[in-house]
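Read-outs throughout are calculated quantities, based only on the coordinates presented, and are distinct from any laboratory measurement. These figures come from a predicted structure and were not determined experimentally. Here the Cβ positions follow ideal geometry from the backbone for every residue, glycine too, while neighbour counts run over all protein chains shown.
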Ligand code: SF4
């Protein structure tokens, strides 16, 4: 047998792997299309705080429906459950600016003064904890998201896409990863593919409309927004300079390039 010949078993597993990637790519691209179209639909009424917030809401609603359909179809063995918070305790939770504005609008309309003040303190603590290092740097420390209250997400209904799609098939791995950043958490990838795709599609549409498409670190951005007080959200729609220190401006382009490469490798034309 020539050295480069593959056994029938290898052929089969390569074909199965290609098919798995194709299914994941389909999920990602469906998310991307929806993120793009729903953002465009919301912004048709003009670019202002309300339309930007409703764009984030529409994309999140789509994601919830898509995640429910995938979960029904594949029944992934997820270990995620209410009050489990390990994944909420690391910095670098990247969200879009419309998602940040949606969270701020929710906080201002549903939190009482004491809760806003406690959130402002937690955001300040978060910023102090990561001071002097990049929010993207992995850490073994527990750095709770300022929105985590008594082990629960205090803005669950408006939580960002990254939190909707993140999942785990091993709570033991989550527990270990909480104290050791080198530990990998196994997940059902297709769920994250949908929310990643929706994030990319929305960002690409924001870019096309001349709006900021960079992702921002949730905890750091909240700290800046809450310290700035009233009027911050209206200003940031026009000018996001205040959030520059919280931005990751390469995440969208890097992920999209990786997806395009995968598509090429499995022979799918985008
Ligand atoms: S927004 Fe909510 S779900 Fe996401 S990291 Fe913060 S506390 Fe956790």
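Just one of the listed residues (202, 263, 227) is in contact (Cβ under 8 Å) with a residue 40 or more places away in the chain and closer than 17 Å to residue 98 by Cα, namely 202. For the stretch 135-158, the set of residues classified as touching a residue at least 40 places away in the same chain (Cβ under 8 Å) and closer than 25 Å to residue 27 by Cα consists of 157, 158, listed by residue number.
With respect to residue 95, is the statement that it is within 12 Å of the ligand (Cβ to nearest atom), farther than 30 Å from residue 270 by Cα and buried (at least 20 other Cβ atoms within 10 Å of the Cβ) true? Against the criterion (within 12 Å of the ligand (Cβ to nearest atom), farther than 30 Å from residue 270 by Cα and buried (at least 20 other Cβ atoms within 10 Å of the Cβ)), residue 95 does not qualify. Total residues in the stretch 121-135 satisfying the condition of being buried (at least 18 other Cβ atoms within 10 Å of the Cβ) and either assigned to a helix (DSSP H, G or I) or near the ligand (Cβ under 10 Å from one of its atoms) (or both): the figure is 5.
Within the stretch 78-110, the set of residues being over 17 Å from residue 236 (Cα atoms), in a helix (DSSP H, G or I) and free of Cβ contacts under 8 Å to residues at least 40 places away in the same chain comprises 109, 110. Among all positions in the stretch 242-257, there is no residue which is exposed (fewer than 13 other Cβ atoms within 10 Å of the Cβ), in contact (Cβ under 8 Å) with a residue 60 or more places away in the chain and under 24 Å from residue 123 (Cβ atoms). Candidates are the residues of the stretch 168-183 that are within 15 Å of the ligand (Cβ to nearest atom) and not in a loop (DSSP other than H, G, I, E, B); the one that is nearest to residue 69 (Cα to Cα) is 174. Restricting attention to the stretch 136-167 and to residues that are out of contact with any helix residue (DSSP H, G or I) (no Cβ under 6 Å at 6 or more places or on another chain), closer than 14 Å to residue 95 by Cα and in a loop (DSSP other than H, G, I, E, B), the residue that is farthest from the ligand (Cβ to nearest atom) turns out to be 136.
Table: residues versus (1) over 19 Å from the mean Cα position of the chain (by Cα); (2) within 11 Å of the ligand (Cβ to nearest atom); (3) under 26 Å from residue 246 (Cβ atoms); (4) surrounded by 12 or more Cβ atoms within 10 Å (Cβ to Cβ).
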site	(1), (2), (3), (4)
63	no, no, yes, yes
68	no, no, no, no
84	no, yes, no, yes
90	no, yes, yes, yes
111	yes, no, yes, yes
